[in-house]
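Undergrad: This is the structure, below, for whatever I ask next.
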Amino acid sequence: MCCSTATGRPSGSVYPLLDRLERAGWVTSTWDDDAERRGPRRRVYVLTPDGAREAVKVCARRSRPGHPTRPEVT
């Protein structure tokens, strides 16, 4: 939910993107099983080393005007 809040995008668009990034090997996910936390279990996503390198590339491209911002995810 933090991604949804930070980007202003609805969760319905964030979670499919996270799933796609996980299939590409750019993030991994685990279930947060904190027994003291109330509510449903949460999925925790973490960038992999490959994902971190790609994120740096995307951020660099975004900072240059006129360059594409979307990486090719295979």
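Undergrad: Taking region 14-32 on its own, how many of its residues are in a helix (DSSP H, G or I), surrounded by 14 or more Cβ atoms within 10 Å (Cβ to Cβ) and of a type outside the set (V, I, T)?
TA: Looking only at region 14-32, we keep the residues that are in a helix (DSSP H, G or I), and these are 14-23.
If we keep only those that are surrounded by 14 or more Cβ atoms within 10 Å (Cβ to Cβ) as well, we get 14-15, 17-19, 21-22.
From the residues that got through so far, the ones that are of a type outside the set (V, I, T) too are 15, 17-19, 21-22.
Number satisfying all stated conditions: 6.
Undergrad: Ok, one more. Scan region 39-51 for residues that are surrounded by 13 or more Cβ atoms within 10 Å (Cβ to Cβ) and farther than 18 Å from P16 by Cβ and report the count.
TA: Counting residues in region 39-51 that are surrounded by 13 or more Cβ atoms within 10 Å (Cβ to Cβ) and farther than 18 Å from P16 by Cβ gives 1.
None of the figures in this text is laboratory data; all of them are computed from the coordinates on show. This one's a predicted model, so the numbers in the text were calculated from it and none came from an experiment. As a convention, Cβ positions derive from the backbone with ideal geometry for all residues, glycine included, and neighbour counts pool all protein chains shown.
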